[in-house]
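The values are calculated or read from the model by the stated rules, or taken from the named source; none is laboratory data. Just so we're clear, the structure is a prediction, and the values are computed from it rather than from any experiment. No Cβ is skipped: glycine too gets one built from the backbone with ideal geometry, and neighbour counts run over all protein chains shown. The accessibility values were calculated without ligands, DNA or RNA, using every heavy atom of the protein model including side chains. Shrake-Rupley method; radii C 1.70, N 1.55, O 1.52, S 1.80 Å.
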Amino acid sequence: MSAVPAAPHGEEIAAKADALLAAGYAQQAAGLLGQRLAEEPGDAVAWGHLARCRLDLEDGPGAVEAASQLVRLRPELGWGYRLLTSALLRERRLPEALTAAREAVRADPESWTTHWTLSEALRRLPGDRSEEGIRRQLNEAAEAVREALRLAPDEPKVYRQISLIQHMRGHRREAAQALTEVLRLDPADAGARADLVRLQEELGDARLTDVISAGSGLLAGAPDDEVARHNLDVGYHRLLRRARWIALLCLVVAAVAARAFPTGDDPRELPVEWGTRLYGLAWIAGIWAVSLLIAWRRLPRGAWRGMRALCARSWLARSAPLSAAWCVLCAVAVVAVGWTDRAVVQTLVHAGWAVNLVVMYADHARRKVLLERGRYDLYG
C-alpha cells in the first residue's frame, strides 16, 4: 500500500480508526473519522479509512463517495483507486470499476494489490457476452493476476484469484493446482480446502463424500456462512439422488428373481418358489446394507442429520429418497409375494421404474431451469 502523508492529528485519528476497524467496530471507526473530516475535509487519509469502514458496513454509496474524495484529493495514489474499485464493484457499477482499476495500475504499477484489483474487475465484468469477448476478457484478467503473482509470489489471495479465473476459463486442473498453493501457504483456509475437494471430485480425483466432509468442516468453522450452507446442501442433494440408482438396481434384481420377463418359448411357471424369492430379498437387503455401510464410514458426523433436515425443508431434495423408497417398495412386493399372474408382476416392475424415472426427469428439468437463472435454489 502506498504511504500517505498526513497531519499528526490525522495520523492519530487514522490509527484509532484502524484499531476499531480491526476489532470489528466499523461503525464507531466511521463516526470517529466523520468527526475528523468535519474539522478537516481535506484529510485524504481520513477519507481513505472512511471508505474502508463503509465497505465493512456494506454501505456501497458511502464507500464510493469516500473513495472518490480520496481520488480527488490525491489522484496519484493507487490506494484510492483500489478502494474506489472495490466500492464500485459492490454497487455493481462494473464498467466504472474497471476504469478505476486501470487507473490504480497506472498510479502504482509495482503494487501486487493493484494488479489483483484489475483482475477482479475483469473477472466480474460481464463484457459483451460473446464467446470471443469473454475469452479475451478472461485472458486479460489472467495476465493481470500473473503480474500480481510476480510481485507477490507468496500471497495466498493471488493464488485464490488464479484459481477463480482458471476455473472460469475451463482449466479446472490449473484451478486445482492454484488452490493447492493456497493451502500450502495457508493450511487453515477451509474455504480453499472445500473448493479444492469439489474440483477434485469434478476431475475424478475425489469422491462426493470427500466433498461433503470438506463442506461440513467449512460450515463448522463458519456456522453463519450461507454460501457454505448452500454448497453443503447441494452435496447432500447429489448424494440423495444417487439412492434412486441403487433402488433401480434392486428393482432389476427383483424382476429377475420373480421371472417378470421370461425369455424363450417355454417360460417357467408361477409362482416362483420361496427359496428363489428369498434369495432375491437377500440380494436387495445386501445391496442396501453395503451402500449404507460405505456411506456411513465415509460421511462426517452429522451428515445424516443434515440430510434429514434438508429433506424436511426442501421438496426438491425430498423427492429423491421418496421416489427411491417407492421403487424399493415395488421391488420387495415383486419378490415377497408368490404371484401367480405374471401381468401383476410386470405392472409392479413398470410402476417402480416409471415413477422413479419421471421424478428423476422432473428433478433434472427443475435444476436445469434454476442453473440457467444462475441460482441453484433447493428451497424454492
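Determine, yes or no, whether residue 320 is among the hydrophobic types (A, V, I, L, M, F, W, C), open to solvent by less than 50 Å² (accessible area, probe 1.4 Å) and at pLDDT below 95. Before the answer, list the steps.
Working: among the hydrophobic types (A, V, I, L, M, F, W, C): yes; open to solvent by less than 50 Å² (accessible area, probe 1.4 Å): yes; at pLDDT below 95: yes.
Against the criterion (among the hydrophobic types (A, V, I, L, M, F, W, C), open to solvent by less than 50 Å² (accessible area, probe 1.4 Å) and at pLDDT below 95), residue 320 qualifies.
Would you confirm whether or not the range 312-327 contains a residue that is under 30 Å from residue 217 (Cβ atoms) and not in a helix (DSSP H, G or I)? The answer is yes, given that some residue of the range 312-327 is under 30 Å from residue 217 (Cβ atoms) and not in a helix (DSSP H, G or I). The lone criterion from (1) without any contact (Cβ under 8 Å) to a residue 40 or more places away in the chain; (2) in contact with a helix residue (DSSP H, G or I) (Cβ under 6 Å, 6 or more places away or on another chain); (3) farther than 30 Å from residue 166 by Cβ; (4) not basic (Lys, Arg) left unmet by residue 214 is number (3). Residue 260 - would you say it is in contact (Cβ under 8 Å) with a residue 60 or more places away in the chain, open to solvent by less than 70 Å² (accessible area, probe 1.4 Å) and in a loop (DSSP other than H, G, I, E, B)? Spelling it out, residue 260 is indeed in contact (Cβ under 8 Å) with a residue 60 or more places away in the chain, open to solvent by less than 70 Å² (accessible area, probe 1.4 Å) and in a loop (DSSP other than H, G, I, E, B). Within the range 143-161, the set of residues being open to solvent by less than 30 Å² (accessible area, probe 1.4 Å), among the hydrophobic types (A, V, I, L, M, F, W, C) and assigned to a helix (DSSP H, G or I) comprises 144, 145, 148, 158. Within the range 54-74, being open to solvent by 60 Å² or more (accessible area, probe 1.4 Å) and more than 12 Å from residue 26 (Cβ to Cβ) holds for 61, 65, 72. Taken together, 35, 27 contain a single residue that is in contact with a Leu (Cβ under 7 Å, 6 or more places away or on another chain) and farther than 13 Å from residue 84 by Cβ, which is 27.
Just to be sure before I move on: is residue 237 of a type outside the set (Val, Ile, Thr), under 14 Å from the mean Cα position of the chain (by Cα) and under 24 Å from residue 288 (Cα atoms) in the structure I sent? I'd like the intermediate steps shown before the answer.
Details: of a type outside the set (Val, Ile, Thr): yes; under 14 Å from the mean Cα position of the chain (by Cα): yes; under 24 Å from residue 288 (Cα atoms): yes.
When the stated conditions are applied, residue 237 passes them.
Per-residue answers, yes or no, for (1) at pLDDT below 80; (2) out of contact with any helix residue (DSSP H, G or I) (no Cβ under 8 Å at 6 or more places or on another chain); (3) closer than 22 Å to residue 314 by Cα; (4) open to solvent by less than 60 Å² (accessible area, probe 1.4 Å):
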{"position": "190", "(1), (2), (3), (4)": "yes, no, no, yes"}
{"position": "199", "(1), (2), (3), (4)": "no, no, no, yes"}
{"position": "202", "(1), (2), (3), (4)": "yes, no, no, no"}
{"position": "210", "(1), (2), (3), (4)": "no, no, no, yes"}
{"position": "223", "(1), (2), (3), (4)": "no, yes, yes, no"}
{"position": "229", "(1), (2), (3), (4)": "no, no, yes, no"}
{"position": "233", "(1), (2), (3), (4)": "no, no, yes, yes"}
{"position": "236", "(1), (2), (3), (4)": "no, no, yes, yes"}
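Counting residues in the range 353-361 that are within 27 Å of residue 211 (Cα to Cα), hydroxyl-bearing (Ser, Thr, Tyr), in contact with a Phe, Trp or Tyr (Cβ under 6 Å, 6 or more places away or on another chain) and at pLDDT below 90 gives zero.
There is at least one residue in the range 332-348 that is in contact (Cβ under 8 Å) with a residue 40 or more places away in the chain, polar (S, T, N, Q) and open to solvent by 80 Å² or more (accessible area, probe 1.4 Å).
Restricting the range 288-315 to residues that are open to solvent by less than 30 Å² (accessible area, probe 1.4 Å) and among the aliphatic types (A, V, I, L, M), the residue that is farthest from the chain's Cα centre (by Cα) is 295. Taking the criterion of being surrounded by fewer than 14 Cβ atoms within 10 Å (Cβ to Cβ) and aliphatic (A, V, I, L, M), the residues of the range 18-53 that qualify are 19, 22, 23, 38.
If I ask for residues that are of a type in the set (Gly, Ala, Ser) and crowded, with 19+ Cβ neighbours inside 10 Å, which ones from the range 349-363 would you list?
Let us first name the residues in the range 349-363 that are of a type in the set (Gly, Ala, Ser), namely 351-352, 354, 362.
If the condition is that a residue be of a type in the set (Gly, Ala, Ser) and crowded, with 19+ Cβ neighbours inside 10 Å, then 352 is the only one that fits.
Looking only at the range 122-137, how many residues end up being in a helix (DSSP H, G or I) and under 20 Å from the mean Cα position of the chain (by Cα)?
So the first thing to find is which residues in the range 122-137 are in a helix (DSSP H, G or I), and the list is 122-124, 131-137.
Within this subset, residues satisfying the condition of being under 20 Å from the mean Cα position of the chain (by Cα) are 123-124.
Counting residues in the range 122-137 that are in a helix (DSSP H, G or I) and under 20 Å from the mean Cα position of the chain (by Cα) gives 2.
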